[in-house]
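Read the structure below first, then the notes.
The values are calculated or read from the model by the stated rules, or taken from the named source; none is laboratory data. Everything numeric in this text was worked out from a predicted model, so none of it was measured. As a convention, Cβ positions derive from the backbone with ideal geometry for all residues, glycine included, and neighbour counts pool all protein chains shown. Side chains are part of the model used for accessible areas, which takes the heavy atoms of the whole protein and leaves out ligands, DNA and RNA. Shrake-Rupley method; radii C 1.70, N 1.55, O 1.52, S 1.80 Å.
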Amino acid sequence: MSQTEPTSGTPQAHKLHLSREHALHLLREMLRIRAFEERCAELYTEEKIRGFLHLYCGEEAVAVGVMQALTPTDAVVATYREHGHALARGLPMDRLMAEMYGKQDGVSRGRGGSMHLFDAERRFYGGSAIVAGGIPLAVGLALADRMQGRDQVTACFFGEGAAAEGAFHESLNLAALWRLPVLFVCENNRYAMGTALERSESETDIARKAACYQIPSAALDGMNVIAIEAAAREAIAEVRAGDGPRFLECRTYRFRAHSMFDAQLYRDKAEVEAWKRKGPILRFRHWLEAAGMLDADTAERLDAEIERELAAAVDFAESSAWEPLEDLSRDVCGCVTRGEA
Amino acid sequence: MSGEAIQTTYREAVRAAIREALDRDERVFLMGEDVGRYGGCYAVTKGLYDDYGPERIRDTPLSECGFTGAGIGAAVGGMRPIVEIMTVNFSLLALDQILNNAATLRHMSGGQLKVPVVIRMATGAGKQLAAQHSHSLEAWYAHVPGLKVAAPATLEDARGMLWTALEDPDPVILFEHVMLYNRTGELAADADAVPLTGAAVRRDGTDVSLITYGGCLFKTLEAAEQLAADDIAAEVIDLRSLRPLDDATIMASVAKTHRAVIIDEGWRSGSLAAEVSARIMEQAFWELDAPVGRVCSAEVPIPYPRHLEHAALPQVPAIVAAAKATLGR
Ligand SMILES: Cc1ncc(C[n+]2csc(CCOP(=O)(O)OP(=O)(O)O)c2C)c(N)n1
């Protein structure tokens, strides 16, 4: 793992034994994310979801690919663009939708909303809306694992915009210096809000930045779910073996606006369309069809299942209660109990 | 004033102030995240990039500590930078530079250096942006000697404070409450610079002084209107400057009304409201007919759901109730 040219090519180019069952699982996971978010965009227009809503459409292969390589006891740290990570990590869609609404049955009791999804049981640590703010947290989670002798890995997702923040550099250095079990995953979608990578970085090769900290790093085609899974499996095995952190830069693209308020004047429509043609779901679907793994019936069944899950999630969110006002001040601090904080 | 007025918004008033500063002084430049091509996260700087170009409307990477610190350095080096930070929560990444450099260089250097930087940032809640985008940390900055801190609430102040801030030899922090940007109103066509310091009496009254600033001003004025319906004449004071505080205006009002309530979107503990209350106690204790009241934000990170966010913030009914309480009603 040293090259920084993105590995591309067809999915089967990678050493990953891909059963039909697993291939369909990958497709299904990406489709669930896409369907969930498209419904979220509609619900935003209907004012059921409020605040900021950052969609992951176009980037699904990254979260889905990496999540395959994690065990249930590994940890995940993500950003405000984390619906996909939460779904791929196994957080239930209905409780996620309730969180989007701000309802009491949401994964964060409704307190967080779209940007702050948490699930301690699944070791899903948010949901951070301060750019690069989750990276030191991930280093600390990994430090705790190391100090307590657990062979767990922390996967930390962030955008390429985060690479300009001090927290990114300080954290990479710490993780490398202390050889901590962190997999850094940079989702390079080329824009930080309206700022293109070339306009914000003197060195636009993010994987090279990580390499400067002596972290083995690679740049990947972020639209290729198989390539990402394969690279993540390899990297995580090395991290778990105690070989220190690894860094994956996944080159991808955000199909929609930065959030719901964004006229997208900073990029050409043609550029967006060109990337959509390379979209992770479209491409994988075509490949599966060509490989004889996906027929029309199966595709229809998948869509119908997802539609049912989504409808149930919306119903759940609709019927969930608002947290009572008397609870406003709860969960600000805990109670002090001896021996456990 | 020529008497001619234009219809404008708070956002446009800030933009007009930035334009004027760029036109008047070639040392002035603006920098921050997405201020240029994108037009600013709250669209305040829309159009400026096209008119002034990338040298003077500088898009920065996501590096709050770096570019705020660079603004401070450029000010020491003779420029007149306007640094825009998207929102006060993100300014914490730059707090080190603001506190340990901007606020101290003059003093540490025995008066040799000056830091005429202006740092603008959005503040406050009301848009359901939850606990990392919604706080009111004005008091943290107002705590620091060496800084000047102001909160323009009206169109006149949004239009007029920036130039005065740029002329000031010391670092000035300007807080723009997110719920004010869309406020519309009339502004004199020839509106000009206004003083940075000094509180303003926004409504005269004799029964109780309602003291506030920034995003709470209009809630407080509405409360005063409701109180008037109950024959209570509330005086509304807009602090405008949070450091230094204008003690004289506050005490003159309290001497007249003998009652005070402070309305502050910051958390109650260690708030600006606490500071103003203490000063009233120190300087006007014998004038008081009732304990000083406070309406502040609940001591909770701001939650996402609308009803909880609303309940966490100072609202008109709570202001009315607190004002009535000082009158035993
Ligand atoms: C410290 C900080 N500064 C600014 C922002 C505002 N902001 C939110 S997302 C964003 C762009 C981040 O881009 P990137 O890291 O590439 O991630 P992407 O949104 O593309 O997934 C900005 C500027 C923030 N949330 N936190």
One quarter of the convex hull surface, Cα atoms only: what value does that give for the stretch A:280-341 in nm²?
9.2
In vacuo Debye sum over C-alpha of chain B, base-10 log of normalised intensity I(q)/I(0) at q = 0.13, 0.14 Å⁻¹, listed in q order, is -0.95, -1.10
Can you list the lysines whose alpha carbon is less than 27 Å from that of residue A:269, not counting same-chain residues fewer than 8 positions off?
A:278, B:46
With a 1.4 Å probe and all protein chains left in place, how much accessible area per residue does the protein assembly as shown have, in Å²?
40
Listing of the stretch B:15-36 residues, each with accessible area lower by at least 40 Å² in the full protein assembly than in the chain alone (probe 1.4 Å)
B:34
Given charges at beta-carbon only (K, R positive; D, E negative), |dipole| of the stretch A:13-327 in Debye
680
HN-Hα couplings for the stretch B:320-327 via Karplus (6.51, -1.76, 1.60; θ = phi - 60°), in whole Hz with x for Gly/Pro, come out as 4, 4, 5, 5, 5, 4, 5, 9
Counting only protein chains, not ligands or nucleic acids, how are B:310, B:133 ordered by accessible area (probe 1.4 Å), most first?
B:310, B:133
Let me know the mean shielding of B:54-61 by other chains, meaning the per-residue number of their Cβ atoms within 10 Å of its Cβ.
3
With the Cα gyration tensor of the stretch A:24-64 in hand, convert its eigenvalues to equivalent ellipsoid semi-axes via √(5λ) and list them largest first in whole Å.
22, 10, 6
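Averaged across the residues of B:90-96, what count of C-beta atoms belonging to other chains lies within 10 Å of each residue's C-beta? Working shown, then result.
Values: counts 4, 0, 2, 7, 0, 0, 1.
For this peptide, the per-residue mean of nearby foreign Cβ atoms is 2.
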Using only the Cα atoms, what convex hull volume per residue in Å³ does the stretch A:249-304 have?
133
What is the spread of the Cα atoms of chain A along each of their three principal axes, largest first, in whole Å?
56, 55, 42
Counting only the backbone N, which residues of the stretch B:284-305 are under 13 Å from the spot 7 Å out from the Cα of residue A:333 toward its beta-carbon?
B:299-300
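Quick one: length gained pulling residue B:109 to residue B:268 fully straight, 0.36 nm per residue minus the C-alpha distance? Numbers along the way, then the final one.
Values: separation 159, 0.36 × 159 = 57.24 nm, distance 3.55 nm.
Extra length from residue B:109 to residue B:268 when fully extended: 53.7 nm.
Summing Lys, Arg as +1 and Asp, Glu as -1, what charge do residues with Cβ under 14 Å from the Cβ of residue A:300 carry, residue A:300 excluded?
Numbers: positive: A:28, A:285, A:301, A:308; negative: A:289, A:295, A:297, A:303, A:305, A:307.
Here the charged neighbours net out to -2.
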Which one, A:162, A:63, A:241, is farthest towards the positive end of the dipole of chain A when Lys and Arg carry +1 and Asp and Glu -1 on their Cβ?
A:241
Net charge near residue A:330: determine it from the other residues with C-beta under 13 Å of the C-beta of residue A:330, scoring Lys and Arg +1 and Asp and Glu -1.
-3
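If we count GluC sites (Glu not before Pro) as exposed when they sit in a DSSP loop and have at most 12 other beta carbons within 10 Å, what is the longest stretch of chain A that avoids them all?
Between exposed loop sites, the widest span is A:204-341.
Beyond 26 Å, what share of the Cα-Cα pairs of the stretch B:5-188 is found? Please give it as a whole percent. Could you put the intermediate results ahead of the total?
Working: 3997 of 16836 pairs.
Summing the P(r) of the stretch B:5-188 above 26 Å gives 24 percent of all pairs.
Please work out the Kirkwood hydrodynamic radius for the protein assembly as shown, using every pair of different C-alpha atoms, and report it in angstroms with one decimal place. Please list the in-between numbers first.
On the way: mean 1/r = 0.0373 Å⁻¹.
Across the protein assembly as shown, the inverse of the average 1/r is 26.8 Å.
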Once you put a point 7 Å from the Cα of residue A:196 and another 7 Å from the Cα of residue A:290, both along the Cβ direction, what distance in nm separates them?
3.0
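For the stretch B:200-326, compute Rh as the Kirkwood radius over C-alpha pairs and then the Stokes-Einstein diffusion coefficient at 25 °C and 0.890 mPa s; write the answer in µm²/s, rounded to an integer. Show your work: numbers first, answer last.
Values: Rh = 14.3 Å.
Rounded, D is 171 µm²/s.
Can you sort B:50, A:315, A:221 by solvent-accessible area, 1.4 Å probe, largest first? Present the calculation step by step, with values, prior to reporting the outcome.
Values: B:50 130, A:315 100, A:221 20 Å².
Sorted descending by solvent-accessible area, the residues read B:50, A:315, A:221.
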If every Lys and Arg gets +1 and every Asp and Glu gets -1 at its Cβ, then about the Cα centre the stretch A:235-295 yields a dipole, in debye to the nearest 20, of 140
Return the average number of partner chain Cβ atoms within 10 angstrom of each residue Cβ along peptide A:88-98.
0
Plugging the Cβ-Cβ distance of residue A:298 and residue A:41 into 1/(1 + (r/R0)^6) at R0 = 35 Å yields, to the nearest 0.05, a FRET efficiency of 0.85
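Pairs to check: B:127/B:148; B:114/B:148; B:127/B:324. Give those whose C-alpha atoms are more than 21 Å from each other in this structure.
Details: B:127/B:148 27 Å; B:114/B:148 13 Å; B:127/B:324 29 Å.
Check vs 21 Å cut-off fails for B:127/B:148; B:127/B:324.
Let's test the formula: R0 of 41 Å, r as the Cβ-Cβ distance of residue A:312 and residue A:151. What FRET efficiency results, to the nearest 0.05? If you can, show how the numbers build up before the last one.
Working: r = 37 Å, r/R0 = 0.89.
With R0 = 41 Å, the Cβ-Cβ based efficiency is 0.65.
As a test of the definition: with a 1.4 Å probe, what buried accessible area, both sides summed, do you compute for A against B, in Å² to the nearest 100?
On the way: alone 15560 and 13790 Å², together 26540 Å².
Accessible area lost upon association: around 2800 Å².
Using the beta-carbon distance between residue A:21 and residue B:184 and R0 = 60 Å, what value does 1/(1 + (r/R0)^6) give for FRET efficiency, to the nearest 0.05?
So the FRET efficiency works out to roughly 0.50.
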Residue farthest toward the positive end of the dipole of chain B, with Cβ of Lys/Arg at +1 and Asp/Glu at -1: which of B:94, B:125, B:113?
B:94
Ignoring any ligand, DNA or RNA, what whole percent of the accessible area of the protein assembly as shown comes from carbon and sulfur when the probe is 1.4 angstrom?
51
Calculated SAXS-style log₁₀ I(q)/I(0) at q = 0.15 Å⁻¹ - the stretch A:129-195, Debye, Cα scatterers:
-0.45
I want to check the label-to-label distance for residue A:173 and residue B:26. Put each point 7 Å from Cα in the C-beta direction and report it in nm to one decimal.
3.9
Which cross-chain or sequence-distant (5 or more) residues have an amide H under 5 Å from the amide H of residue A:50, H modelled 1.01 Å from N in plane?
none
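If you place +1 on the Cβ of every Lys and Arg, -1 on the Cβ of every Asp and Glu, and leave all else neutral, what size is the dipole of chain B about its Cα centre, to the nearest 20 Debye? Could the numbers behind the result be given before it?
Numbers: 30 positive and 43 negative charges, 106 e Å.
Charge dipole of chain B: 500 debye, to the nearest 20.
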By the scheme Lys and Arg +1, Asp and Glu -1, what is the net charge of all other residues having a beta-carbon under 15 Å from that of residue B:182?
+3
Given the whole protein assembly as supplied and a 1.4 Å probe, what does the accessible area of residue B:307 come to in Å², nearest 10?
50
